[in-house]
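Quick notes on the structure that follows.
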Amino acid sequence: MTVIDLDRAEAAFEASVDGTVGIEEEFAILDPESLDMVGRFEELRDSAVDDPVLATSIAGELISSEIEIRSGAGSDLHDAIARQNDVRRRLFDLAAARGVELGATGTHPWADYRRQRNIDTEHYRRVVEGLQYVARRNNTFALHVHIGVNGADRAVQACDRLRPVLPVLLAIGANSPFLEGCDAGLHSVRTQTFTKSFPRCGVPDAYGSWEVYRDYLEFLVRTESIVEDTQVWWSIRPHLAFGTVEVRICDAQMTAGESDALSGLIVACVLQAARDAADAVPFEHPANRLVEENMWRAIRYGRDADLIDLDSGAVRPVRAVLDELLEWSAPVRSEARIDPLFPERNGAQRQMAQRAEGAELPEIYASTVTEARRTYGLAGTTQEASAP
């Protein structure tokens with residue numbers, strides 16, 4: 001049974017350094033012929049044991065047909081991306097050597113969740129036992145970014161200020177339009193499957209301080225709702241072990257360049273929010289019901305969405321809202337040398353365009369697998385590693 005040590009968590013934030021970055025990327029493990037998901041995580045993990053970098057960077061997720069890689073703590077965004085590029089190349093080389101492909105979309109277009117085996121760890125046994133269908137149904141792939149924030153209060157307050165930004169980040173990187181052999185009619189069906197199903201997931205409340213957030217966690221423990229802090233799955237959360245703000249709203253990205261750009265935008269937003277909190281910049285916390293209106297628009301329409309300005313009530317395209325985020329975060333972006341560049345169309349838009357032109361799901365998914373291999377597998381080399 002895991003014990004949540006909240007005193008140690010507070011100490012982790014007090015020791016944390018602003019602007020350290022960790023990147024986590026989840027990939028589907030695929031049969032090279034059918035491109036269906038195959039449960040070979042343990043084989044890949046065990047095969048990586050002789051690679052000192054990869055062996056410590058691989059992590060398991062809920063199902064054995066999924067694999068995660070982690071950059072570890074980079075001193076800044078650029079260091080984290082360099083670390084992750086190294087791990088990406090090693091993982092894709094290992095996959096090729098073991099005769100598997102890797103997929104980089106938020107969902108698999110047709111794989112049957114009932115055929116996926118859950119990995120055998122204490123944590124995931126607890127997840128499956130506690131959530132049952134909700135857990136077994138969750139065959140999804142995400143991008144998570146950790147940003148160091150000094151001080152538990154500042155970390156909580158940064159999360160509070162970024163609640164209305166979560167739908168924007170989701171819309172920009174939406175990359176899961178297909179599920180169970182069907183057009184979902186959503187740009188991010190991953191978000192609907194995971195974020196709208198898991199408990200303690202999605203848009204959190206605004207807590208205001210570490211004391212209030214700590215009281216919430218203590219309530220969950222006292223009522224036997226959780227036994228470990230990672231059972232709190234909010235789309236943005238203070239990560240108690242690392243002393244970071246973790247942003248968890250985004251689909252896995254089709255290309256390394258898109259993953260890097262989205263990571264950069266996330267880092268800039270967290271650091272600007274933490275700075276604004278420290279400077280007591282006035283901020284009106286919107287009600288969850290209002291943020292959820294934009295969350296639905298992001299799920300349904302992705303980058304094609306019109307999002308609601310929660311102050312004025314005006315409706316604006318995602319492109320305009322992205323420009324405002326870039327303007328707001330310009331001070332920290334300048335200092336941290338962050339200039340995220342996104343393609344004209346995100347992963348969902350490109351896949352849906354292929355579908356509209358008559359392509360079948362296997363053809364579309366094969367093209368995403370090729371893009372993943374081309375960009376993640378060669379990330380950081382002289383080869384092109386950005387979006388088309």
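Throughout, read-outs are computed from the coordinates displayed, never taken from laboratory work. Since this is a predicted model, take the numbers as computed values, not measurements. Note that each Cβ is placed from the backbone with ideal geometry, even for glycine, and that neighbours are counted across all protein chains shown.
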Between beta-carbons, use under 10 Å as the cut-off and find the net charge around ASP112, counting Lys and Arg +1, Asp and Glu -1.
0
Summing Lys, Arg as +1 and Asp, Glu as -1, what charge do residues with Cβ under 15 Å from the Cβ of ALA73 carry, ALA73 excluded?
-4
Spin-label pair CYS182/ARG125, simplified geometry with 7 Å Cα→Cβ offset, distance in nm
3.5
Please list 3J(HN,Hα) in residue order for segment 23-38, calculated via the Karplus relation 6.51 cos²θ - 1.76 cosθ + 1.60 where θ = phi - 60°; whole Hz, with x for glycine and proline.
10, 10, 10, 10, 10, 7, 9, 10, 5, x, 8, 8, 6, 7, 6, 10
Residues other than GLY151 with Cβ under 10 Å of its Cβ, Lys/Arg counted +1 and Asp/Glu -1, net out at -3
Excluding exposed DSSP-loop GluC sites (Glu not before Pro) (at most 11 other C-beta within 10 Å), longest clean stretch of the chain
34-223
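In segment 195-245, which trypsin sites (Lys or Arg not before Pro) are in a loop and have at most 16 other Cβ atoms within 10 Å, using DSSP for the loop call? Walk me through the numbers before you get to the answer.
On the way: sites: LYS196, ARG200, ARG214, ARG222; in loops: LYS196, ARG200.
When the trypsin sites (Lys or Arg not before Pro) of segment 195-245 are filtered for loop state and at most 16 Cβ neighbours within 10 Å, LYS196, ARG200 remain.
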Fraction of antiparallel bridges per DSSP, the chain only, in percent to nearest 5:
90
Taking 4 °C and 1.567 mPa s as the conditions, I'd like the Stokes-Einstein D for the chain in µm²/s, using the Kirkwood hydrodynamic radius from alpha carbon pairs.
62
In nm, what is the difference between 0.36 nm times the number of residues separating ALA280 and ARG316 and their Cα-Cα distance?
10.2 nm
Length gain on complete extension for the stretch SER225 to ARG114, per 0.36 nm per residue less the alpha carbon to alpha carbon distance?
37.3 nm
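As an exercise, use a Förster radius of 45 Å and the Cβ-Cβ distance of GLU357 and ALA287 to find the FRET efficiency, rounded to the nearest 0.05.
Numbers: r = 41 Å, r/R0 = 0.92.
So, using R0 = 45 Å, E works out to roughly 0.65.
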Quick one: which residues, 5 or more positions from ALA305 or on another chain, have an amide H under 5 Å from its amide H? H modelled 1.01 Å from N in the peptide plane, none for Pro or chain starts.
VAL318
Using each residue's phi in segment 108-121, evaluate 6.51 cos²θ - 1.76 cosθ + 1.60 at θ = phi - 60° and report the 3J(HN,Hα) Karplus result to the nearest Hz, with x for Gly and Pro.
8, x, 9, 4, 8, 4, 5, 9, 8, 8, 6, 6, 9, 10
Would you be so kind as to identify which of ILE338, ILE81, ALA356 lies farthest towards the positive end of the dipole of segment 6-376, taking Lys and Arg as +1 and Asp and Glu as -1 on Cβ and the Cα centre as origin?
ALA356
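Helix-derived [θ] at 222 nm for the chain: sum -39500 (n - 2.57) over DSSP H runs of at least 4, divide by residue count, nearest 500?
After summing the helix terms and dividing by residue count, I get -13500 deg cm²/dmol.
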